[in-house]
Every structure is written in structure tokens, then in C-alpha cells.
Amino acid sequence: MEYEKDSRGRPLPNIPLPNEIKDASKQMSIKLYPPEYLFPTKILTSCDGDFNSYRDDMIKWMVDYSNKNETVGKSNLGGYQSPDNFYLEESFAPFMNRISDHIMSTVADYVDDKNIHVDADQLKLCNMWFNFNYKDSYNVTHTHPGCVLAGVLWVQSVEESPHIMFEACDCFARAALERITHESFEPKEGFICLFPAHMPHRVDINHSEHTRISISFNIVQQT
């Protein structure tokens, strides 16, 4: 058998063409099995069907609070981010009762999973803050260190409201092979989105003239 040679006269390896590979596979009786996808990440959403009954009054309370308290500069750029203990205000209690029920029932459903070893009674709400994303404001990519779960309650969405964008923790490595390293969720008023606190996420720029309002919170494991 004659082989092609390289520029230095050395024989080149006889690399089979795709059809030849197929034929070889048949001869070797290769059997392919369905792929396995390891370490799935759970994102859970829920909705309070009675949210509109207190939404407007709560927004008025939040606006009044923001006029009296300075913004906290964390992940929000260009907008307003409240202190993370605002919900302890006595006047917020009627809203907090509704929100905490919504949050903790969603948390209980999240951990009711064969892949999760933590019980709902081992978890508690750690802190909470609200965000006003005015025109051209946004939230940079961040995580919530020291927490088990993090979540957001969408209070007021806007036309073409910017989505919450999640990225794979190893997105740079995955991008070398995989097409999808980011996923997004559309904000819907009265909905909670609950996710692992270590998962990087952001909110893109609000191009609307209206304010996007959300409440963010953290869940920790009781010691």
C-alpha cells in the first residue's frame, strides 16, 4: 500500500473519512446510549394570585421609604436599593405577612426534592431589600455569598422589562463546547423566582421611562 508523504518524505497516517468511520463502527458493533446530564440546577417560580390586592399600597409605602432613606450601593447601578432591614419597619408588617408566607411556601416546595437534603424547617429568611430600577439603571452580575437560596419578588414590571439573567458558574469553560451558558426569566408581577444563592445573575438596563420594582431576599440555614 502506498501512503502520501509530507514535505520531508515521511508517510502520512491513513486517516479514515467519515463514511469509512461509519462503516468501521458497524463492523465493531458500537452501541450508543442516551446521554446523562450531571448536576442540574433548580430554579423555581411561584405566584400569589391575590398580589394585586396589596401591590399598589405597598408601592406607595416603598416610594415614601425611599424618599426618607438613602440608597445602598451594592449591585444596583443608577437606581435605588434599600437597606436590607427595611422590612422590619412596623408599618410594613401588613405587607410583610403576605410576602413571608409567599416566600416560605415557595422555599418549602423547593426543598421538597429527592436531590435536596435540607428540610424547610432548617431554613429561614435572612434579609430583604427592594430595588427601583429607573431608566438606564441595572444590576451588575453578582452572587449572594453565605446564603443557601436567593430570590426575587417582582412588584412592578415595565414594557419590555429587562429579564433576570443567570449564567453557568463555569460559563467560560462551557462556552468552548456548549451553545447555552446563560438563561433568562421574564419578570411577572406577583411572581417569585427562587434559585441557588451561588448562581451568578444580573438585570440588564431598563430602557423604559417607567420604574421597574422588585424585592430581593436571602435564605440561610439555621445553625
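Hey, any hits in the stretch 99-122 for a residue that's outside any loop (DSSP other than H, G, I, E, B), crowded, with 18+ Cβ neighbours inside 10 Å, touching a Leu at 6+ places or on another chain (Cβ under 7 Å) and of a type in the set (G, A, S)?
no
For the stretch 65-83, enumerate the residues that are part of a loop (DSSP other than H, G, I, E, B), surrounded by 17 or more Cβ atoms within 10 Å (Cβ to Cβ) and in contact with a Lys or Arg (Cβ under 9 Å, 6 or more places away or on another chain).
S75, G79
Looking at V220, V152, which one is aliphatic (A, V, I, L, M), under 14 Å from I43 (Cβ atoms), at pLDDT 95 or above and not in a loop (DSSP other than H, G, I, E, B)?
None of the other options fit; the residue is V152.
Quick one: is G49 surrounded by 11 or more Cβ atoms within 10 Å (Cβ to Cβ) and either at pLDDT 90 or above or among the polar types (S, T, N, Q) (or both)?
no
Considering F92, F39, which residue is part of a helix (DSSP H, G or I), of a type in the set (A, V, I, L, M, F, W, C) and over 29 Å from H207 (Cβ atoms)? Before you say what the answer is, go through the steps one by one.
On the way: F39 fails: part of a helix (DSSP H, G or I).
After ruling out the rest, the residue left standing is F92.
Pick out the one residue from D48, D109 that is touching a Gly at 6+ places or on another chain (Cβ under 6 Å) and touching a residue at least 12 places away in the same chain (Cβ under 8 Å).
Working: D109 fails: touching a Gly at 6+ places or on another chain (Cβ under 6 Å).
Going through D48, D109 in turn, just one is touching a Gly at 6+ places or on another chain (Cβ under 6 Å) and touching a residue at least 12 places away in the same chain (Cβ under 8 Å): D48.
The values are calculated or read from the model by the stated rules, or taken from the named source; none is laboratory data. Please read all numbers here as calculations on a predicted model, not as lab measurements. Backbone-built Cβ (ideal geometry, glycine too); neighbour counts: all protein chains shown.
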